[in-house]
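A quick write-up on the structure given underneath.
Just so it is clear, none of the values below were taken in a lab; they were calculated from the coordinates. If you're wondering where the values come from, they're calculated on a predicted model, not measured in any experiment. Using ideal geometry, Cβ is built from the backbone for each residue, glycine included, and neighbour counts are taken over all protein chains shown.
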Amino acid sequence: MKKVFVQTFGCQMNVYDTGKIHALLGKDGFESTDSMNDADVIIVNTCSIREKPELKLHSFLGDALKIKRTEDRPVTVAVAGCVAQQEGQKLLNRYRELDLVFGPDAVPRVRELVDAARSDVPRATKQVLDTEFLDLETYAFASELDPGSTGQVGAFVTIQKGCDNKCTFCIVPTTRGPEVSRSSDQILEEVKGLADTGVREITLIGQNVNSYGLKVAGERTFAQLLYAVSDVPGVERIRYTTSHPRDMGPDVIQAYRDLPKLTSHLHLPVQSGSDRVLRRMKRFYNREHYLSLVDQLRDARPDMVLSTDFILGFPGETDEDFEQTMSLLDEVAFESSFSFKYSQRPGTSALRLLKDEVAPDVAQARLVRLQQRQREISIAAHESLSGQTMDVLVEGPSRYDEGVVCGRTSTFKMINFPGTLDLVGKTVPVSVIRGFTNSLRGEWVH
Ligand code: SF4
């Protein structure tokens, strides 16, 4: 049996695309392997949102191509994802032994592409490139995913690809193309298929889910889609990501009042607490608007837990701007955040602001300070949960302890507690014993 190994870098869209690659190649008889050394096809699904994951690609490719060079059997090496889209032919020119480069929109064609790139002769290379963007019709490929192969408690469902915004730091509109929404009927069909196989938690994903469907006459809005997914029998929880604070409307906030299946956690990227920086980022909301959204969300769902993204050291960010970000962190009391130093990305308009570049050591010091404060807030929030009983959807065995299972609360807290595997897929009450920075420890109440 042929084996495929896929290394994934980056966001949930990439995790989802990797799942599709496995499912599609599985139809051609490929078995998934965790060992790159055993694989006949090695694929690296790349991320270009920051410089660091892009650099990881090059060290990964060094290892993968060494395997191709030294094995006495044909090994096909491919680069997928956003760096593939961004660099295209340049990657093939730089790595002459690389067999295949394909962008995110070419994932549905992965079977033909791998077929075209594979050779029967060890060390031979054909070099195949596919970085075409799909149109709306061809994007609708839900039926290509075999829901029977998921076997999971939770699953991602893509509702949209690409983005029409032009946040000045972001490369996504270049690598993923303009925003296209999938048909909601197809999304619902996929959700039903997943629920039938035992999936209990659906995470709807897109670059800017709040603008879902707005470009298509007669299509459901994002809020209407949430109500429709909530009606699917078997679905117990609904999450979604990513939201843009400018586009989060009152209808979605109302959904938090109406839909108990909609979980009490929202990732709402703010990026900065300074209006000046938000303007330079072209985010089209200000601090006041963001805080008002937080109030409305907590009014609709009092136990709402918020997480966010921060970029530190964006060009022109002053000490005062940074202090505004720090004060926003405290004011909202985000329970977790992803924070990064600004990273220059090719083709983004923030490059025009580089004359105001923040010195790397200043950006680093700001990052360290913010992350330290975030840790304090996270630990305090988790410790305050001790003694509370929460409903936990059990996902599987703990990675570290035998006889311990793990699952998530509605507020997206990972909790470990002693239990058996027959609990997987069930929602059970768990009393919190202890809070750590990133997880909780608990006890099943039964
Ligand atoms: S909304 Fe902004 S940050 Fe998000 S994908 Fe679109 S351009 Fe990038």
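Worth pointing out:
- For the chain, calculated [θ]222 nm from helices alone, where every DSSP H run of n ≥ 4 adds -39500 (n - 2.57): -10500 deg cm²/dmol
- Were the residues from E288 through K215 laid out at 0.36 nm apart, the gain over their Cα-Cα distance would be 23.5 nm.
- Paramagnetic reach from A365 in segment 316-335 [backbone N under 12 Å; point 7 Å along Cα→Cβ]: 319
- Kirkwood analysis of the chain, using all unique Cα-Cα pairs, places the hydrodynamic radius at 23.3 Å.
- Residues whose placed amide H lies under 5 Å from that of G154, excluding near-sequence neighbours: R200, E201
- Each Lys or Arg adds one and each Asp or Glu subtracts one; over the other residues with Cβ under 12 Å from the Cβ of D295, this totals -1.
- Segment 389-444 has equivalent-ellipsoid semi-axes of 15, 13, 10 Å, by the square roots of 5 times the alpha carbon gyration tensor eigenvalues, sorted largest first.
- Per-selection Rg to Rh, segment 3-130 - Cα, Kirkwood hydrodynamic radius: 0.92
- Inter-label distance for D120 and D391, nm, one decimal - labels placed 7 Å from Cα along Cα-to-Cβ: 5.8
- Restricting the trypsin sites (Lys or Arg not before Pro) of segment 191-251 to loop positions (DSSP other than H, G, I, E, B) with no more than 14 neighbouring Cβ atoms within 10 Å leaves K215.
- Sites R399 and K52 - FRET efficiency at Förster radius 25 Å, r taken between beta-carbons, to 0.05: 0.55
- Stokes-Einstein D in µm²/s, Kirkwood radius over Cα pairs - segment 232-383 at 10 °C with 1.306 mPa s viscosity: 96
- Packing around the peptides 171-180, 227-236, 37-46, taken as the average count of other Cβ atoms within 10 Å per residue, puts them in this order, highest first: 37-46, 171-180, 227-236.
- Left without a cysteine partner by the 4.7 Å Cβ rule in the chain: C11, C47, C82, C163, C406.
- Relative contact order computed over the chain (Cα-Cα under 8 Å; 6+ residues apart), in percent: 10
- Segment 111-135-segment 24-96 distance, computed between alpha-carbon centres (Å): 12
- A simple spin-label model places pseudo-atoms 7 Å from Cα toward Cβ; at Q254 and K90 they are separated by 4.7 nm.
- Segment 349-442: chymotrypsin sites (Phe, Trp or Tyr not before Pro) in DSSP coil with no more than 12 other Cβ atoms inside 10 Å: Y400
- Convex hull volume of segment 137-263 per residue (C-alpha atoms, cubic angstrom): 112
- Here is the list for segment 258-336: trypsin sites (Lys or Arg not before Pro) lying in DSSP coil, each with at most 16 other C-beta atoms within 10 angstrom of its C-beta, are K282.
- Ranked packing of 62-70, 266-274, most packed first, by mean Cβ within 10 Å: 266-274, 62-70
- Value in Å of the Kirkwood radius, where segment 304-409 supplies the Cα pairs that are averaged: 16.4
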